[in-house]
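Beneath this line is the structure, given in structure tokens, with notes to follow.
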Amino acid sequence: MTAQDFWVLSPEIAMALLALVVISVDLVTRSMAKVSTVAFVGLVVPLILTLNLWNGWFGDPATGPALFDTFEADRFSLFFKFILLTVMAGTILASAKYIASDRMKDYGGEFVSLVLLSVTGMMILVSATELITIYVALELTALPVVALAAIHRSKQGVEAGTKFFVLSAISSALLLYGFAYIYGYTGSTNLHLIMERLAVLPTEPGVPFGSYAVLLSVIMIVAGFGFKMAVVPWQMWVPDVYQGAPTPVAAFLSVASKAAAFAVIMRIMYVAFGDANLMQDWSGLFAILAAVTMTLGNTLALSQSNIKRLLGYSTIAQAGYILVGLASVPANQVGATSAGAGPQSVLYYLAGYAFTNLAVFFAVIAITSRTNDDSIAGLNGLLKRSPLLAGLLVFGLLSLLGMPPTVGFMTKVVVFGAALNANLTWLVVIGVMNTVIAAYYYLRVIRAIVFEDAVDESQFSADKPILVAAGLAAIGAGVFGLAPFLMLDLAEKALSIVPAMITG
């Protein structure tokens, strides 16, 4: 490794070292308060290093390849690293009381370290430009999550961890098959070389993607990452894992795992399969997946009585909305009126969704830790019992629904606008219909919070760390909803992987 390699990898190295420091602090002090403090303050180092790579404070911004062309710290990957670091910071704050509880005090250091290692894998994943590196990073991402899901050692937790492990292994196998097909066809595992060789290899008329080998490869790659993105039909693990795993783990999974998976699938599709003809083919695939995912996620959420399961199905539906933006890319070619709107909408939606979903999950963590009840009925009369938490949860749910002027409304406007620009009017109609369906179950929860009478009317408040985490997430969602140009400008700067024919 060269000095440049270490420099480009500096945020990931800092995260891995921070995980080791957290374990050491836990071993020496056995104080969960110190573990949380060290982990939270320690995130400043990878954040500064990531900001430096974006702005070039200590030299030119590092946008070139590293590690023998397997890793690239471009602004696209750095955009997602900011999201991942934000999620990590929020997770530490939200889990401060959880890891200090009698149930977790012996495993608190391990809990925080595993989350840090998983985020390290995600940060490598969003920068990987080579198939083997992508796979290794994906395993580094997934294996700590298996342990996190089962860390309670309860029946539900072990079941959640086992389901996640088995289905993750199956998705990894599918992914490897997809990688093997494209390697066998092109003779390369480098994304840039794959695109170059696909451009000169002969194609078969009438066959999607020009070759059955490429077709099978794309299907298996999408299936492999579909598990991480919680896309139908690979979403079956979500409700059970979200309900059985500790709520901080579910919050982390709902945002970080989804963001990293969308980042790497975008890089693969734009870089390896970035030819205009190929994009027309995978656009149709993602459009169909978007329609099915939105519809199934929202429909299954209607009958849920557990708030964590409901939010699990909600995240499935949200993945469908994000896929609308991914499917909208190919029409934005030379002469399009909104160049780059598709990929830009995906980045904006993921950022807005991250803040919104964290606010909702953190509020749920604060509430259920006091009530020990994660049913929707357990939220009855919450407005009288804890007005601040009720306000945060209602705001987050309205944003997930897409009510103006929240960031959830603006993200849907941008995504649906990109779809209209891509002549996917039918997909926009399905998206709007699904938003109407979603209104039923989101408003049902809000009705319980605001209008229903509580069985126990005693008031309670949240601990300061988790209240700060939920409040900051809600503020972020509010700011990027009222001033969407702030995030849209950053998203536009991050579109370095999109071919010039798309970004204009």
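Read the figures in this text as sums done on the coordinates, not as results from a lab. The structure displayed is predicted, hence computed values, not measured ones. We place every Cβ from the backbone using ideal geometry, glycine too, and count neighbours over all the protein chains shown.
At a glance:
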item	result
Per-residue Cβ neighbour rank within 10 angstrom, fewest leading, Ile466, Ile475	Ile475, Ile466
Theoretical ellipticity at 222 nm over the chain - DSSP helices of four or more residues, -39500 (n - 2.57) apiece, nearest 500	-24000 deg cm²/dmol
Centroid-to-centroid separation of segment 130-164 and segment 186-255 [C-alpha atoms, Å]	18
Qualifying lysines (Cα of each under 20 Å from Cα of Lys384; at least 8 residues distant if same chain)	Lys464
Cα-based helix-to-principal-axis angle, 108-127 vs the chain, degrees rounded to 10	20
Ranked list, fewest to most other Cβ atoms within 10 Å of each Cβ, for Tyr242, Tyr183	Tyr183, Tyr242
Along the chain, longest interval not containing exposed GluC sites (Glu not before Pro), exposed being DSSP loop plus at most 15 other Cβ atoms within 10 Å	1-451
Anchor Lys34: aspartates and glutamates whose Cα lies under 17 Å away (excluding residues fewer than 8 positions away in-chain)	Asp26, Asp102, Asp106, Glu110, Asp463
Tensor-based shape of segment 274-504 (alpha-carbon gyration tensor, a/c under 1.5 rounded, otherwise prolate or oblate)	prolate
Lysines with Cα under 28 Å of Lys155, excluding same-chain neighbours fewer than 8 positions away	Lys97, Lys105, Lys163, Lys228, Lys258, Lys308
Nearest 10 degrees, 0 to 90: helix 307-327 Cα axis against the chain principal axis	20
Three-way shape call for segment 251-375 based on the alpha-carbon gyration tensor, with the a/c threshold at 1.5	prolate
Approximate spin-label separation Thr29-Asn423, in nm, with each point projected 7 Å along Cα-to-Cβ	6.1
Cα shape, segment 397-480, gyration tensor, a/c 1.5 rule	oblate
Percent breakdown of C-alpha pair distances by 20 Å bin, ordered from the shortest bin, for the chain	24, 59, 16, 0
Exposure proxy ranking, count of Cβ atoms within 10 Å, fewest first, for Thr2, Thr247	Thr2, Thr247
Helix axis angle, 10-29 relative to the chain longest principal axis, alpha carbon, degrees	30
